[in-house]
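Undergrad: One structure follows; several queries about it will come next.
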Amino acid sequence: MVSDISKASIGIAGAGLLGRLLAWRLRRAGAEVSLFEAGSFDQPLAAAQTAAGMIAPVSEAVATEPYVYSLGNRSMQLWPSWLSEFEAETGICINYSRQGSLLVAHPQDLAELNQFERDIQRALITDTQHVPYQRIHSQGIRELESDLSDRLTEGLFLPDEAHIDNRQLLRELIAHCKQLGVQCFENTPAEVFAGEIKTADKTHAFDLVLDCRGVGAQSQWSQVRGVRGEVMSVQTREVSLSRPVRLMHPRYQLYVVPKANNCFVIGATQLESEDRSPVTLQSTLELGSALYTLSPAFAEANIIELKSNLRPALPDNGPQVEINDGLLKINGLFRHGYLLAPVVVDHVINWLNQGEAMPYDQLLGLAEATLSNDLSSNPSIQEQHLA
Ligand SMILES: Cc1cc2nc3c(=O)[nH]c(=O)nc-3n(C[C@H](O)[C@H](O)[C@H](O)COP(=O)(O)OP(=O)(O)OC[C@H]3O[C@@H](n4cnc5c(N)ncnc54)[C@H](O)[C@@H]3O)c2cc1C
């Protein structure tokens, strides 16, 4: 499709998480890159802008498919090295923290925590050398997060999880892309075709077009669906957290992710709906009251933002790359885009470098290969996924 990336002209539609990462990685590999975004670069319509920025291989694998854990672990290796490269190129350090995450439950909801522990064991524990969680009690919870309510007496610590300042990342990525000479078009909705991107006033020709429009790709990829999520951001000096905290609850799983300037993102609802209307009162009340039970000190926090958006998903809730000559469609990052984006981007670029044909579902093939490599000592997991 492209014989040499460093000589290729590549058009990317969609400047969300995938579009920005691909623009940066392809430009530094020498390609001529143009990036088209329907919204503005500062306030993108992207799910990536609304996201909480958790990078959570264990939690996501339990909630979706076990192979997400395997792909996620590869991303966990890529993030630090990519962010180091980014800092070396720009002098800017993106806030990325790998101090694990903490799951807690109130005494009346202990069954939820116990079930989650069983789910981890069933889905992921194959290697007794590496058990990806620790059961902790009051003292352990307080040692990790001293501001949480004393009523939380049981928890699970997931040491391998991380979180990133996603808005800083998106902001700095676009600034760096511009500096590197990526042609950036904002407020420019695009249609994609093999070797062509059509905007309202022009058809742009490229050697290769990448469709990274998330839910915006629906008109040209009918299987893509949006899954509504709502988040609330608060600011307070009364509470300090070092890592994401999830509250296990029978009706919803609330998480709180610490951000810069004493801010916290609280999320997220998950509704099979493509409704883009503002956050509902019910969700605001549920998120707010669950937050209050994590620490009553949150009562004085100021609500600084309420936001809803759609997660781009495919039928199996896993990522997929679809190839036609001159057009590569990449989608389905669902609720784990920050977890999976590096491995997906890396995979696409490796494939482009090798110039080999990639079958339709190569990405899932990668997941299976990764599973069988990493977990060859544990056929039960492999069977689970392949069954
Ligand atoms: C509430 C919420 C919380 C989340 N929390 C997390 C989390 O903690 N951790 C995690 O890993 N993931 C999280 N996610 C998921 C993550 O945000 C997505 O998986 C990821 O953003 C998908 O990346 P993408 O680039 O495919 O799509 P997007 O980030 O949605 O980007 C698509 C871009 O394409 C643009 N576009 C659309 N149509 C067109 C068009 N016609 N022409 C040009 N541009 C177009 C859009 O404006 C957008 O900027 C969350 C998502 C939501 C909604």
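Undergrad: Enumerate the strands (runs of 3 or more DSSP E) found wholly within the range 101-165, keeping only those where 3 or more residues are under 16 Å from residue 247 (Cα atoms).
TA: The qualifying strands (runs of 3 or more DSSP E) are 101-105, 134-137, 154-158.
Undergrad: Keeping to the range 129-183, report how many residues are acidic (Asp, Glu) and surrounded by 16 or more Cβ atoms within 10 Å (Cβ to Cβ). It would help to see each step written out before you state the result.
TA: Within the range 129-183, the subset acidic (Asp, Glu) is 143, 145, 147, 150, 154, 160-161, 165, 172.
With surrounded by 16 or more Cβ atoms within 10 Å (Cβ to Cβ) added as a condition, the list becomes 145, 154, 160-161, 165, 172.
Of the residues in that region, 6 qualify.
Undergrad: Could I ask something else about it? Among (1) within 16 Å of the ligand (Cβ to nearest atom); (2) farther than 21 Å from residue 151 by Cα, there is one condition residue 235 misses while meeting the rest; what is its number?
TA: All conditions pass for residue 235, except number (1).
Undergrad: Another question about this same structure. Filter the range 87-112 down to the residues that are of a type in the set (A, V, I, L, M, F, W, C) and either over 20 Å from residue 259 (Cα atoms) or in contact with a strand residue (DSSP E or B) (Cβ under 8 Å, 6 or more places away or on another chain) (or both) and list them by number.
TA: Restricting attention to the range 87-112, the residues satisfying the condition of being of a type in the set (A, V, I, L, M, F, W, C) are 88, 92-94, 102-105, 110-111.
Once the filter is applied, which keeps residues that are of a type in the set (A, V, I, L, M, F, W, C) and either over 20 Å from residue 259 (Cα atoms) or in contact with a strand residue (DSSP E or B) (Cβ under 8 Å, 6 or more places away or on another chain) (or both), the range 87-112 yields 88, 94, 102, 103, 104, 105, 110, 111.
Undergrad: Further question on the same structure: Where residues in the range 200-211 are in contact with a helix residue (DSSP H, G or I) (Cβ under 9 Å, 6 or more places away or on another chain) and of a type in the set (Asp, Glu), which of them is farthest from the ligand (Cβ to nearest atom)? Write out each step before concluding.
TA: First, the residues of the range 200-211 that are in contact with a helix residue (DSSP H, G or I) (Cβ under 9 Å, 6 or more places away or on another chain): 207-208, 210-211.
Within this subset, residues satisfying the condition of being of a type in the set (Asp, Glu) are 207, 211.
Details: 207: 19, 211: 9 Å.
So, considering only residues that are in contact with a helix residue (DSSP H, G or I) (Cβ under 9 Å, 6 or more places away or on another chain) and of a type in the set (Asp, Glu), the one farthest from the ligand (Cβ to nearest atom) is 207.
Undergrad: Could you please let me know if residue 215 is away from the ligand (no atom under 12 Å from the Cβ), in contact with a Leu (Cβ under 8 Å, 6 or more places away or on another chain) and either free of Cβ contacts under 8 Å to residues at least 24 places away in the same chain or not small (Gly, Ala, Ser) (or both)?
TA: For residue 215, the condition - away from the ligand (no atom under 12 Å from the Cβ), in contact with a Leu (Cβ under 8 Å, 6 or more places away or on another chain) and either free of Cβ contacts under 8 Å to residues at least 24 places away in the same chain or not small (Gly, Ala, Ser) (or both) - is not met.
Undergrad: Go through the range 327-346 and give me each residue that's more than 11 Å from the ligand (Cβ to nearest atom) and either in contact with a strand residue (DSSP E or B) (Cβ under 6 Å, 6 or more places away or on another chain) or not assigned by TED's automatic domain parsing to the domain that holds residue 12 (or both).
TA: Correct list: 327, 328.
Yes/no matrix, rows are residues, columns are (1) in contact with a helix residue (DSSP H, G or I) (Cβ under 6 Å, 6 or more places away or on another chain); (2) surrounded by fewer than 21 Cβ atoms within 10 Å (Cβ to Cβ):
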| residue | (1), (2) |
| --- | --- |
| 198 | no, yes |
| 213 | no, no |
| 224 | yes, no |
| 239 | yes, no |
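Undergrad: OK, next. Might you let me know whether the range 301-309 holds any residue that is touching a Lys or Arg at 6+ places or on another chain (Cβ under 8 Å), closer than 24 Å to residue 212 by Cα and of a type in the set (Lys, Arg)? Working first, answer last.
TA: Initial filter on the range 301-309 (touching a Lys or Arg at 6+ places or on another chain (Cβ under 8 Å)): 308-309.
Okay, now just the ones that are also closer than 24 Å to residue 212 by Cα, so 308-309.
Still in the list and also of a type in the set (Lys, Arg): none.
Checked against the condition, which is being touching a Lys or Arg at 6+ places or on another chain (Cβ under 8 Å), closer than 24 Å to residue 212 by Cα and of a type in the set (Lys, Arg), the range 301-309 yields no hits at all.
Undergrad: Let me ask you something else. When residues of the range 39-63 are filtered for being crowded, with 19+ Cβ neighbours inside 10 Å and within 12 Å of the ligand (Cβ to nearest atom), how many remain? It would help to see each step written out before you state the result.
TA: Start the filter on the range 39-63 by keeping residues that are crowded, with 19+ Cβ neighbours inside 10 Å, which leaves 41, 44-48, 50-62.
After this cut, where a residue has to be within 12 Å of the ligand (Cβ to nearest atom) as well, the list is 41, 44-48, 50-57, 59-60.
Residues in the range 39-63 being crowded, with 19+ Cβ neighbours inside 10 Å and within 12 Å of the ligand (Cβ to nearest atom): 16 in total.
Undergrad: Would you confirm whether any residue within the range 267-281 is within 13 Å of the ligand (Cβ to nearest atom), part of a strand (DSSP E or B) and under 24 Å from residue 60 (Cα atoms)?
TA: Checked the range 267-281: at least one residue is within 13 Å of the ligand (Cβ to nearest atom), part of a strand (DSSP E or B) and under 24 Å from residue 60 (Cα atoms).
Matching residues to (1) closer than 25 Å to residue 25 by Cβ; (2) outside the structural domain of residue 122 (by TED's automatic domain parsing); (3) modelled with pLDDT under 95:
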| residue | (1), (2), (3) |
| --- | --- |
| 62 | no, yes, yes |
| 65 | no, yes, yes |
| 68 | yes, yes, yes |
| 71 | yes, yes, yes |
| 74 | yes, yes, yes |
| 80 | yes, yes, no |
| 84 | yes, yes, no |
| 96 | yes, yes, no |
| 108 | no, no, yes |
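Undergrad: Given the criterion touching a residue at least 40 places away in the same chain (Cβ under 8 Å) and over 19 Å from the mean Cα position of the chain (by Cα), identify the matching residue among 41, 86, 36.
TA: Working: 41 fails: over 19 Å from the mean Cα position of the chain (by Cα); 86 fails: over 19 Å from the mean Cα position of the chain (by Cα).
On inspection, the qualifying residue turns out to be 36.
Undergrad: Hey, can you tell me all the residues within the range 296-345 that are among the polar types (S, T, N, Q) and either part of a strand (DSSP E or B) or surrounded by 23 or more Cβ atoms within 10 Å (Cβ to Cβ) (or both)? Lay out the reasoning, then the answer.
TA: Just the residues of the range 296-345 that are among the polar types (S, T, N, Q), to begin with: 302, 308-309, 317, 320, 324, 331.
Within the range 296-345, 302, 308, 309, 320, 324, 331 meet the criteria.
The values are calculated or read from the model by the stated rules, or taken from the named source; none is laboratory data. The shown structure was predicted, so the numbers you read here are calculated from the model rather than taken from an experiment. Note: ideal-geometry Cβ built from the backbone for every residue, glycine included; neighbour counts use all protein chains shown.
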